[in-house]
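Remarks on the structure that follows.
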Amino acid sequence: MKIALGQINPTVGDFNGNAAKIIDFARRAQSEGAGLILFPELSVCGYPPRDLVERASFVAHNRETVERIALETGGIAVVCGLATPAQAETGKSVMNSAALLKDGRVAFLQSKMLLPTYDVFDEMRNFAPGKNQVLFPFCGKQIALTICEDAWNDKHFWNKRLYTFDPVEALIHAGGNFLLNISASPFWIGKPELRRNMLATIARNYKVPVAMVNQVGGNDSLIFDGSSVVFDPAGNVIAQGKSFEEDLIYFDSDRLAGEVHEQLQGEEASAYAALVLGTRDYVRKCGFQQVIIGLSGGIDSALTAAIAVAALGPENVIGVGMPGPYSSQGSIDDARTLAENLGIRFELICIQEIFETYRKALKKIFAGRREDETEENIQSRARGTLLMALSNKFGAIVLSTGNKSEIGVGYCTLYGDMAGGLAVISDVPKTRVFRLSHYVNSRRQVIPQSTLEKPPSAELRPDQKDSDSLPPYEVLDVILEDYVEDSHSPEQIASDRGIEIALVRRVVRMVERSEYKRQQAAPGLKISAKAFGYGRRFPIAAKPDV
């Protein structure tokens, strides 16, 4: 039998739009002779729906939409994900389920048993776990249908498992001889390779074909890479979907042969594609058409602008230069050159007079006190105010340009450079900002060479350099990676990396003191294993043990 994988980009809550995609892909697959098509986890309502599932009308729309899809795809069997009532006296009222649609009706329902609660996942908050899972016969095979996390507990792959029960093992021991998995598995650098290795291990261990269809697209901070894949019983890839775009993939369930579509290779290519996709979907799904970016002449705003143009087109990006009293002519020229290279509209608004007006208003109250970070922050906040004014006037969303290194240690200004609706590179350390910028220029020279070469500076006081306040970024970034992503202690970091313990503790204290800033930041796009945001939940009012 010819089976299709419908790798689609759903929008949370857009039942009509998601249904239209499912019906369209199903009809295209049917016209190509497919007898079954799989769609991702919660594809009917979009993933993650979070607390929307607490609304009875939202859950009812799931069932109504699925029944309509069943009627309009009568010539092909369809597996799709939806939220269903739990029908239990205690616990959560809904379940994360998969439906088999056949002959115009819902022929089979299976519910997810393993509900993740780590990192960005909080499914136990929203869903009741399925009590059991059963096989269903289809075209001479006993199908083991699982939903995302249900396949992430293989004892032959993980050194330490998170759950005592393994749905895949139970279904295979019950006689399953073909494993299907519908997923909404978010991207982070290295995740596609991990996912493929895990699924290949399952195929080899149980000697069964494994087919996984994964969601693609961006929903809030999460980016889904697609990369749907099918393995034969020996763990060889026999079919594969594209990365970071919708795709329709076919394979033959008897001959175990299919289409292998090319995927992106390399960390920088994948990270850049993820950021472009995440930006495009966040802006579009939130109802915006245009974005505004403050262009300082520095590398962070340059990379953000390049990503925005790739995501939305140059006609939808507005760059704004806002030179202050300490801005160099070189930075102003770099901002203008970048805008010309990208083909975007560029506006120049000098903040000198605004800054002097602030200082005049505060002169009497500040009498006898020396200038410090206060005056630096006034400049940053003046720029933030101007950007938000333009946002209001033009109905465009502001993209903030802070990177993970700065946000990690609080080297950023609340209501200033942190102002905006989306923090595009907030999960990109400074060292990777440079690598991604070189990657951008390897495709087409858009970021001025002087931007790549000059020492990073906020230019908020004379001759200011980031290195005046921070360790070198190549040192700072490894400390942040070890502490934030891997939860290593300062002592372990100092020992493993050969860095002075006093410096490590200083950086860790900066991270802990800046939690209040991060919890007021714009949503960011997650591309690392542990991003700042709702995947890393720490108290603000606390005394860290460092």
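Derivation of every value follows stated rules applied to the coordinates shown; laboratory data play no part. Note that the coordinates shown come from a computational prediction; the quantities given were computed from them, not determined experimentally. Because the Cβ atoms are built from the backbone with ideal geometry, glycine has one as well, and the counts that use them run over all protein chains shown.
Calculate the dipole size of the chain relative to its Cα centre from +1 charges on Lys and Arg beta carbons and -1 charges on Asp and Glu beta carbons; express the result in debye to the nearest 20.
So the dipole magnitude of the chain works out to roughly 800 debye.
Counting alpha carbon pairs within less than 8 Å and at least 6 residues apart, what relative contact order, in whole percent, applies to the range 270-467?
25 percent
Using only the alpha-carbon atoms of the range 2-263, report the extent along each of the three principal axes, biggest first, to the nearest angstrom.
45, 44, 36
With 10 angstrom as the radius, rank Phe108, Phe178 by how many other C-beta atoms surround their C-beta, starting from the fewest.
Phe108, Phe178
Over the chain, what is the relative contact order in whole percent, taking alpha-carbon pairs under 8 Å and six or more residues apart?
Normalised by residue count, the contact order of the chain is 11 percent.
Compute the Rg to Rh ratio over the range 403-479 from the alpha carbon atoms, using the Kirkwood formula for Rh, and round to two decimal places.
0.96
Looking at the range 451-546, which trypsin sites (Lys or Arg not before Pro) are DSSP coil and have at most 11 other C-beta atoms within 10 Å of their C-beta?
Arg537
Antiparallel DSSP bridges in the range 2-263: what percent, to the nearest 5?
70 percent
Which listed residue (Gly533, Ile499, Ser437) has the Cα farthest towards the positive end of the charge dipole for the range 433-546, taking +1 on Lys and Arg C-beta and -1 on Asp and Glu C-beta about the Cα centre?
Going by the charge dipole, the pick is Gly533.
Calculated from DSSP H runs of 4 or more alone, at -39500 (n - 2.57) each and per residue, what is the 222 nm mean residue ellipticity of the chain, nearest 500?
Value at 222 nm, helices only: -11000 deg cm²/dmol.
If you count the DSSP beta bridges with both ends in the chain, what percent of them are antiparallel, to the nearest 5?
Just about 55 percent of them are antiparallel.
Please compute the contact order of the range 281-345 in relative form: average sequence separation of alpha-carbon pairs under 8 Å and at least six residues apart, divided by the residue count, as a percent.
About 38 percent, as a whole number.
In Å, what is the Rg of the alpha-carbon atoms in the range 130-210, and how long is Dmax?
Looking at the range 130-210, its Cα Rg and Dmax stand at 12.6, 39 Å.
Among Gly319, Ala396, Leu338, pick out the residue whose Cα is farthest towards the positive end of the charge dipole of the range 270-467, where Lys and Arg carry +1 and Asp and Glu carry -1 on C-beta, about the Cα centre.
In the range 270-467, that residue is Ala396.
How big, on average over all directions, is the shadow cast by the Cα convex hull of the range 270-467, in nm²?
10.9 nm²
If the only charges are +1 at each Lys and Arg Cβ and -1 at each Asp and Glu Cβ, what is the size of the charge dipole of the range 270-467 around the Cα centre, to the nearest 20 debye?
Magnitude of the dipole: close to 340 debye.
Would you mind computing Rg(Cα) / (2.2 N^0.38 Å) for the chain, counting N as its residues?
1.05
Expressed as a whole number of Å, what is the distance separating the alpha-carbon centroids of the range 419-434 and the range 266-288?
The distance from the Cα centre of the range 266-288 to that of the range 419-434 comes to 12 Å.
Roughly what % antiparallel, to the nearest 5, for the DSSP beta bridges in the range 270-467?
Given both bridge residues lie in the range 270-467, the antiparallel proportion sits at roughly 0 percent.
Where does helix 373-394 land angle-wise versus the long Cα axis of the chain, in degrees 0 to 90, nearest 10?
Tilt relative to the chain: about 50 degrees.
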